[in-house]
Amino acid sequence: MSTVVETETLAPQPKRRGRWIDDWNPEDAEFWERTGKKVARRNLVFSILAENLGFTVWSLMSIVVVSLGSVGFSFSVGQTFWLLIVPNLVGAVLRIPYTFAVPKFGGRAWTTVSASLLLIPTTMLIIAVTNPGTPYWFFLLTSAAMGFGGGNFSSSMANISFFYPEGKKGLALGLNAAGGNLGVAMVQLVVPIVISIGTGVNLAYAALFWIPFIVVATACAWFLMDSLTQAKPDGTSYRKAMSNKHTWVMSFLYIGTFGSFIGFSFAFPSLIKISFVEHKSFVALAFLGALIGSVSRPFGGWLSDRFGGAKVTMAVFLGMALGVVGVLVSVSTKNFPLFFTSFIALFVLAGIGNGSTYRMIPAIFATQVADTASAKRQAAAVVGIAGAIGAFGGVLVNLVFKFSLEGSKTLAPALTAFLVFYGLCVATTWWFYLRSRVFARVPSLAYAGV
């Protein structure tokens, strides 16, 4: 006896060419429940894995540099900070082309490629630290290659945004971003442990440990992820976003939040070692900053939903100014507990600010652009632009630390510069989004999460 299947009652199934999906409609509730949710969740899981390792490799040098002296490499403060600045710079630059790589090559293929590229800097680091005569320029080139990991955020976020319906993108992208950011904490937690295995300091283990995970992430991306034919580049939205002043205002504010987070994350282990030599063993706790900053990011979005993104963002910058004052006092009084707790507060606030600024962007463009679909596309474009510019903030943070330590042998000038900058961020947030005449002109801003 044959069985007749009523196929017309079933939700449409994705049509594939290899692992390409031609029919994808996550806004269709029946399609989403029967097919879309499972596929999207699988792609999210392996996207987080690859992005997490991207952040891990991107920030690997931040914890390696504090142990280079233990294996015979003596670099000046300036040289040390260039090893932190270069991966920041390369990663920030790569975020721009990486954003367009997913529509060009497909999410599956590009996640595979971007994950496999992480094998280059890890291999180079093994070569560098196992050869006593390795020149400084090779370490600098290795740091530059670590920048491959910095671009992964943009392509990963762009890819996952295509899989989820509008009403579920917030959580998915929040998990994706937080999962990636946690890579910084992971590398600063794990590396001090693994390089101590055996006798002495085995710095090659700092790279060897991650290689199997990179291979697994690459294989999972190729065999288990998908590409969507509907993920097309949207150059028009980018051009419109580039001409909107709020794109640049929000990018400036994101320098203050994400730029601070990634810049402090890279510098924190070295700052502990340089500023408090007697407490250099506490470098092993530097991971707490990146960990807490990553975990606090979703709270920024939650608080913004309750109180408004601009209010939360301004409070964040006011708090960060106070945190910088705490660090200034700790440096002048040689108070390590105050130094450490003040920096932890800066990480918490930067994480919250990452979430609140990202929450502001779609709300702002919802009031700026009449067409809802166009507003969403432009907001997505701004997220990509702000993400790249915010990453440049990490470069600026470490440049300021470098010049401060080289010029005056103290952190005071750098911290003063940060204090002034956060004051500018407070003023900018108030001027554009919290003045009473703004609410009078655009009343919906008060209720749109801004």
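The values are calculated or read from the model by the stated rules, or taken from the named source; none is laboratory data. Computed from a predicted structure; not experimentally measured. Glycine gets a Cβ as well: all are built from the backbone with ideal geometry, and neighbour counts include every protein chain shown. We work out accessible area using only protein heavy atoms, side chains counted, and drop any ligands, DNA or RNA first. Shrake-Rupley method; radii C 1.70, N 1.55, O 1.52, S 1.80 Å.
I'd like to verify a number: residues in region 67-88 that are surrounded by 15 or more Cβ atoms within 10 Å (Cβ to Cβ) and either among the aromatic types (Phe, Trp, Tyr) or free of Cβ contacts under 8 Å to residues at least 40 places away in the same chain (or both), how many?
Of the residues in region 67-88, 4 are surrounded by 15 or more Cβ atoms within 10 Å (Cβ to Cβ) and either among the aromatic types (Phe, Trp, Tyr) or free of Cβ contacts under 8 Å to residues at least 40 places away in the same chain (or both).
Can you tell me how many residues within region 89-124 are surrounded by fewer than 19 Cβ atoms within 10 Å (Cβ to Cβ), closer than 17 Å to Ser161 by Cβ and of a type in the set (A, V, I, L, M, F, W, C)?
3
Out of (1) aromatic (Phe, Trp, Tyr); (2) at pLDDT below 85; (3) closer than 21 Å to Asn176 by Cα, what's the single condition that is false for Phe439?
So the condition that Phe439 fails would be (3).
Is at least one residue of region 148-165 of a type in the set (A, V, I, L, M, F, W, C), closer than 14 Å to Glu51 by Cα and modelled with pLDDT of 90 or more?
yes
Report yes if some residue within region 238-245 is part of a helix (DSSP H, G or I), surrounded by fewer than 16 Cβ atoms within 10 Å (Cβ to Cβ), at pLDDT below 95 and not aliphatic (A, V, I, L, M); otherwise report no.
Yes, region 238-245 contains at least one residue that is part of a helix (DSSP H, G or I), surrounded by fewer than 16 Cβ atoms within 10 Å (Cβ to Cβ), at pLDDT below 95 and not aliphatic (A, V, I, L, M).
So which residues in region 125-153 are surrounded by fewer than 22 Cβ atoms within 10 Å (Cβ to Cβ), touching a residue at least 60 places away in the same chain (Cβ under 8 Å) and aliphatic (A, V, I, L, M), if there are any at all?
Result: Ile126, single match.
Outside any loop (DSSP other than H, G, I, E, B), within 30 Å of Ser74 (Cα to Cα), at pLDDT 90 or above and among the small types (Gly, Ala, Ser) - does that describe any residue in region 248-260?
There is at least one residue in region 248-260 that is outside any loop (DSSP other than H, G, I, E, B), within 30 Å of Ser74 (Cα to Cα), at pLDDT 90 or above and among the small types (Gly, Ala, Ser).
Return the only residue of Thr122, Thr56 being more than 18 Å from the chain's Cα centre (by Cα) and at pLDDT 95 or above.
Of the residues listed, the single one that is more than 18 Å from the chain's Cα centre (by Cα) and at pLDDT 95 or above is Thr122.
Looking at (1) open to solvent by 50 Å² or more (accessible area, probe 1.4 Å); (2) at pLDDT 95 or above; (3) not aromatic (Phe, Trp, Tyr), can you tell me which one Ile274 breaks?
Every listed condition holds for Ile274 apart from (2).
Which count do you get for residues in region 33-66 that are among the aromatic types (Phe, Trp, Tyr) and open to solvent by less than 10 Å² (accessible area, probe 1.4 Å)?
Selection size over region 33-66: 2.
Checking Ala446 against (1) buried (at least 24 other Cβ atoms within 10 Å of the Cβ); (2) modelled with pLDDT under 80, only one condition comes out false. Which one?
Of the numbered conditions (1) buried (at least 24 other Cβ atoms within 10 Å of the Cβ); (2) modelled with pLDDT under 80, the odd one out for Ala446 is (1).
Pairs needed: first member in region 17-41, of a type in the set (Val, Ile, Thr); second member anywhere, open to solvent by 10 Å² or more (accessible area, probe 1.4 Å) and part of a loop (DSSP other than H, G, I, E, B); C-beta distance under 8 Å; at least 6 residues apart or different chains.
As it stands, the answer is Ile21/Pro14; Ile21/Lys15; Ile21/Thr229; Thr35/Pro12; Thr35/Gln13; Thr35/Pro14; Val39/Pro14, since those pairs meet every condition given.
Which of the residues spanning region 327-358 are of a type outside the set (A, V, I, L, M, F, W, C) and surrounded by fewer than 18 Cβ atoms within 10 Å (Cβ to Cβ)?
Passing the criteria: Ser332, Thr333, Lys334, Asn335, Pro337, Thr341.
Tally the residues that are open to solvent by 20 Å² or more (accessible area, probe 1.4 Å) and at pLDDT 90 or above, restricting the search to region 366-407.
8
With out of contact with any Asp or Glu (no Cβ under 8 Å at 6 or more places or on another chain), among the hydroxyl-bearing types (Ser, Thr, Tyr) and modelled with pLDDT under 95 as the only criterion, which of Thr111, Thr99 stands out?
None of the others qualify; the one that does is Thr99.
Condition (residue is modelled with pLDDT of 95 or more, open to solvent by 60 Å² or more (accessible area, probe 1.4 Å) and closer than 30 Å to Val66 by Cβ) applied to region 313-322: is it met by at least one residue?
Looking through region 313-322, at least one residue is modelled with pLDDT of 95 or more, open to solvent by 60 Å² or more (accessible area, probe 1.4 Å) and closer than 30 Å to Val66 by Cβ.
What helices (runs of 4 or more DSSP H) completely inside region 162-236 contain at least 1 residues that are basic (Lys, Arg) and open to solvent by 10 Å² or more (accessible area, probe 1.4 Å)?
Because the criterion is at least 1 residues that are basic (Lys, Arg) and open to solvent by 10 Å² or more (accessible area, probe 1.4 Å), the helices (runs of 4 or more DSSP H) in region 162-236 that meet it are 166-194.
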